[in-house]
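The values are calculated or read from the model by the stated rules, or taken from the named source; none is laboratory data. Everything quoted here is computed from the prediction, not taken from an experiment. When we count neighbours, we look across all protein chains shown, and the Cβ atoms used for this are built from the backbone with ideal geometry, even at glycine. Accessible surface is based on the protein model in full, side chains and every heavy atom, while ligands, DNA and RNA are left aside. Shrake-Rupley method; radii C 1.70, N 1.55, O 1.52, S 1.80 Å.
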Amino acid sequence: MKRSAVLLIAILLTIGTSAQMATGNNLKFFWDAKEFSKDVALFHSKQFLFTNVLGVSTNTVQFEVIPLAAASSGELTTLLYNCNSKKKEGLVLGFFGTYRNNNGFASQVYAYKNLEKEKATEFLTKIQKAIEDNTRYLKGEDNNNIYFSYDDIDVLICNGDDNRYLIRLFWNGFDSSWEQTAFQHSKKRFERNLK
């Protein structure tokens, strides 16, 4: 009897610690996640898109989602989406990081930020222009930084490793690093795949 109770408790703890659950602010918990890969972001972004962006429908709706690039930090993934029937396309930013609740318990969470086509183009262009306009300043000193806000995202750009810039996006409690290569791949693939 004692052994059965211990086994039952162990099973319940395992189920509880490997589950994902929705929380406020569109956050999802991953108790066992190590990093947020393009595959994981792609898998979970589909539900986000049809429930929050495209709208739930009793009719069959076709849409596509293309993973563009994942930051090497594992904190940010970009995805392109297109739905011809709803005339919607844009960029989804998939954020992944550590969330600490009021009791101090830390867990891995993810959330998505939708930028429709025009806003996504404007956002990516604004980042690129800020870098181009401030290249001399950013490369001048290791301590030089620039920042701006776009919509509800705060953007910080600094000089990173190997004289490449690093973009940090602050949104909804996330602080996600987006290195130069991942940003350039996302921007290039987004522009190339637009309908």
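Pairing each residue of the range 108-129 that is free of Cβ contacts under 8 Å to residues at least 40 places away in the same chain and over 10 Å from Leu91 (Cα atoms) with any residue that is surrounded by fewer than 17 Cβ atoms within 10 Å (Cβ to Cβ) and among the hydrophobic types (A, V, I, L, M, F, W, C), provided the two are 6+ apart or on different chains, yields no C-beta distance under 7 Å.
For the range 100-110, the criterion of a residue being surrounded by 17 or more Cβ atoms within 10 Å (Cβ to Cβ), farther than 18 Å from Ser186 by Cβ and among the hydrophobic types (A, V, I, L, M, F, W, C) is satisfied by at least one position.
For first residues located in the range 49-64 and under 17 Å from Glu116 (Cα atoms), partners that are of a type in the set (Val, Ile, Thr) and exposed (fewer than 11 other Cβ atoms within 10 Å of the Cβ) and lie 6+ apart or on another chain with Cβ distances below 8 Å form the pairs Phe50/Val56.
For the range 132-180, name all the residues that are of a type outside the set (A, V, I, L, M) and touching a residue at least 60 places away in the same chain (Cβ under 8 Å). If you could, list the steps in order and put the result at the bottom.
So in the range 132-180, the residues of a type outside the set (A, V, I, L, M) come out as 132-137, 139-145, 147-152, 154, 158-165, 168, 170-180.
Trp171, Asn172, Gly173, Phe174, Asp175, Ser176, Ser177, Trp178, Glu179, listed by residue number.
In the condition set (1) open to solvent by less than 10 Å² (accessible area, probe 1.4 Å); (2) not in a loop (DSSP other than H, G, I, E, B), Lys113 is compliant with all but (1).
Residues in the range 59-76 that are modelled with pLDDT of 90 or more and out of contact with any Leu (no Cβ under 7 Å at 6 or more places or on another chain): Asn59, Thr60, Gln62, Glu64.
Would you point out which residue out of Ser149, Ser176 is under 16 Å from Phe96 (Cα atoms), out of contact with any Pro (no Cβ under 6 Å at 6 or more places or on another chain) and not charged (D, E, K, R)? None of the other options fit; the residue is Ser176.
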